[in-house]
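Right, one structure below, let's go through it.
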Amino acid sequence: MEAFLQQLINGIQYGSIYALIAVGYTMVYGVLRLINFAHGDVYMLGAFVAYYIIVGLQIDKHPSVGNFVFVLLMCMLVCAVVGMLIERLAYRPIRHAPRLTALITAIGVSLLLENGGIVVFGADPKYIPTIIEPAQAGESGLFVSVGQMIMLVVSLVFMVILRFIVMNTRFGRAMRAIAYDMDAARLMGIHVDRVIALTFALGSALAGAAGMMVATFTSVKITPLFGLLPGVKAFVAAVLGGIGNIPGAVLGGLLMGVIEAFVGGSALTTYRDAIAFLILILVLLLRPSGILGKAVTEKV
Amino acid sequence: MKRGGLRTILWFGTVLGMIYLLGACKPLQRTGGTVSTTGDIPVGVYLSFTGSTATFGESTYKGIQLATEELNAQGGINGRKVALHAEDDRSDAQEARSAVTKLIQRDKVIAVLGEVASSRSLAAAPICQQNRIPMISPSSTNPDVTKVGDYIFRVCFIDPFQGTAVAKFAAETLKIKRVAVLTDVKNDYSVGLAKYFKETFTQLGGQIVVEKSYSEGDPDFRSQLTAIKQANPEAIFVPGYYSEVGTIARQARELGITVPLLGGDGWDSPKLVEGAGNALEGSYFSNHYSHESTDPVVQEFVRKFKQRFNGEVPDALAALGYDAAKILFDAIKRAGSLEPAKIRDALAQTKDFPGVTGKITIDAERNARKPAVILQIKGKQFKYVTTIQP
């Protein structure tokens, strides 16, 4: 029972990171019907920005809540700008081209970011110095590290804020209108280009926050290919929840994290990474619209 | 788009995504920088100067450089200097193959030194064998490496011995009975070492309470560690590379696992404690040599190395790189010829060579028989604990 709960906590915590990334996939898909494969690499950039700020300003030597918030906001800002640039330079010029063109462009952007990352940051792994030493724990009970708690809480806060933005602001309404029908939205006087740019900024900022938190609180090694697998898994999470559907992305992310945690802890531990693809194939075969997605006929 | 468009586009995305993922696992080709000095005898070196195990390549190359500079300062071999041609394989097996091909075909090297990682040595060795160019791996411990053919040598011990050494140390010195094993499934070295450890440890009366695996690059090991904790082991054997061990150790401590971790020579890197912080204090790993040894050969090497590389203390990989280069030069001298076949024969006859990592004799399987040392991590330093004889 204890192991079950511990795995559940591990899964929800890591799932919240998948959810943060998946939300970006799903929002972009919602407005543009584009799978932005470069999204995982924006997450990688978030981790590198965190690394350079923390090491450059020696924040690991002076940890404080204010400093963390500063690093988090900087990562989100940089990633938001990068996200908008990607949209402006790569996707906007081909917005009216066939979807396959956009998809291939997305893969190109992703490869550019990864290999550009190898040139700029170098291929050798980097570590953010240990900031919070793991607490010495007792003999039994459940263990949630401070870092895990922070990641979970911050992710949840961001999701609530996102929900508010999408449902209760003019920008959110414009975004939903574009997702519903881009041409009609334009006729209604919605500044489509600006809303799409802001959608990329929002999604990228969340991916940047996810990258920053994983890099800072799990002391994982950061490499330019750091975003590859999490990006693909988050994409699967978005499809699982129903791509284009924001609560679906959150649900898919959490489910994905929990499933992975249980597979990782079971006898099938070797298949931990494969499970994401198995899920993807099953969803596509059985319910391509995902758990929360509506099985609607697509508009012309 | 017509009905069912969503399904089509998602399938497209899936297939493209998978192709792309495969592509990204093998990054695009990039020409490695050739470090070439003018000289007579071209010797090839392929190592990981960048990538996930960059310190392996850097350390080994420093050892090779030191040996080469010493040789050239003394006039080289029969008046001919040795020129090193180094290629970076970026910690990637596929790149290792092309690096070795380049060295043999473009640089016309007469012998090749490399790799540290067994997966990369295994990828490149068949090319050396086909071209009949002797290859000496300084530190690949997987037994299959030298089984590729009669041109493939190594100057380090092999995993059946290393696994046995750690198992003996755990059972006889630490007197523990219950060990969990956490293996990197994508890594030949890790899988092999885990296998030999398990064999010996169970023979000595110990019990493997649980076995879990991960793959290189994973950010999260908590689910495996939670299962390991549940099995309540007295130690966890993690035969991986330093790049993941630090993260594993940290997450283990965060889950309240307090037992020591055990590992092999893949832990040997200055970056190990950088990733781990204090989480590895009190853990043990096996290695090829300790710089704290009082053997005059070791002390002389440490002194020269520090002098050459700004006071840096050589790790085992540097020592093995040094030994590998020295043994190659010794064989070239004895062969009295630059013909690869003659160098191969001379290498095979290497006997009692006084290396930094011990007396090196190449056996019939082209492996070196040598003792292993056990080191403990204390105060973020690697401290000598004991030596285990073969």
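The values are calculated or read from the model by the stated rules, or taken from the named source; none is laboratory data. Predicted model, so just to flag it, every value in this text is computed and none were measured. Ideal geometry is used to build each Cβ from the backbone, glycine not excepted, and the neighbour counts take in all protein chains shown.
For region B:348-380, name all the residues that are among the acidic types (Asp, Glu) and at positive phi.
Passing the criteria: only B:Asp352.
Could you list, in sequence order, all residues of region B:178-188 that are among the hydrophobic types (A, V, I, L, M, F, W, C) and modelled with pLDDT of 90 or more?
Answer for region B:178-188, where residues must be among the hydrophobic types (A, V, I, L, M, F, W, C) and modelled with pLDDT of 90 or more: B:Val179, B:Ala180, B:Val181, B:Leu182.
Looking at the structure I just gave you, is B:Lys212 within 14 Å of chain A (Cβ to nearest Cβ) and either in contact (Cβ under 8 Å) with a residue 24 or more places away in the chain or surrounded by 24 or more Cβ atoms within 10 Å (Cβ to Cβ) (or both)?
Considered against the rule, which asks whether it is within 14 Å of chain A (Cβ to nearest Cβ) and either in contact (Cβ under 8 Å) with a residue 24 or more places away in the chain or surrounded by 24 or more Cβ atoms within 10 Å (Cβ to Cβ) (or both), B:Lys212 comes out as yes.
Residues that are touching a helix residue (DSSP H, G or I) at 6+ places or on another chain (Cβ under 6 Å) and small (Gly, Ala, Ser): which helices (runs of 4 or more DSSP H) entirely in region B:137-250 hold 2 or more of them?
In region B:137-250, the matching helices (runs of 4 or more DSSP H) lie at B:159-168, B:222-231.
B:Val191 fails exactly one of the following numbered conditions: (1) buried (at least 24 other Cβ atoms within 10 Å of the Cβ); (2) at pLDDT 90 or above; (3) not basic (Lys, Arg). What is the number of that condition?
Single failed check for B:Val191: (1).
Mind telling me which of the residues A:Val232, A:Val220 ends up being within 10 Å of chain B (Cβ to nearest Cβ) and in a helix (DSSP H, G or I)?
After ruling out the rest, the residue left standing is A:Val232.
Residues are listed down the side, and each one gets a yes or a no for (1) at pLDDT 90 or above; (2) under 21 Å from B:Gln376 (Cα atoms):
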position: B:Cys156; (1), (2): yes, yes
position: B:Gly163; (1), (2): yes, yes
position: B:Ala170; (1), (2): yes, yes
position: B:Ile176; (1), (2): yes, yes
position: B:Glu199; (1), (2): yes, no
position: B:Leu204; (1), (2): yes, no
position: B:Arg222; (1), (2): no, no
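Does at least one position in region A:246-269 carry a residue that is in a loop (DSSP other than H, G, I, E, B) and within 7 Å of chain B (Cβ to nearest Cβ)?
No: region A:246-269 contains no residue that is in a loop (DSSP other than H, G, I, E, B) and within 7 Å of chain B (Cβ to nearest Cβ).
Mind listing just one residue for me: the one in region A:188-232 that is among the charged types (D, E, K, R) and touching a residue at least 24 places away in the same chain (Cβ under 8 Å) and, of those, surrounded by the most Cβ atoms within 10 Å (Cβ to Cβ)?
Step by step, filter region A:188-232, then rank; the result is A:Lys221.
Identify the residue in region B:289-305 that is without any contact (Cβ under 8 Å) to a residue 24 or more places away in the chain and under 27 Å from B:Gln162 (Cβ atoms) and, among all such residues, is surrounded by the most Cβ atoms within 10 Å (Cβ to Cβ).
Checked region B:289-305; the qualifying residue surrounded by the most Cβ atoms within 10 Å (Cβ to Cβ) is B:Val302.
Just name the residue that is modelled with the lowest pLDDT out of those in region A:32-47 that are hydrophobic (A, V, I, L, M, F, W, C) and surrounded by 24 or more Cβ atoms within 10 Å (Cβ to Cβ).
Checked region A:32-47; the qualifying residue modelled with the lowest pLDDT is A:Ile35.
Quick check on B:Asn278: is it within 14 Å of chain A (Cβ to nearest Cβ) and in a loop (DSSP other than H, G, I, E, B)?
Taking the combined requirement at face value, the residue satisfies it.
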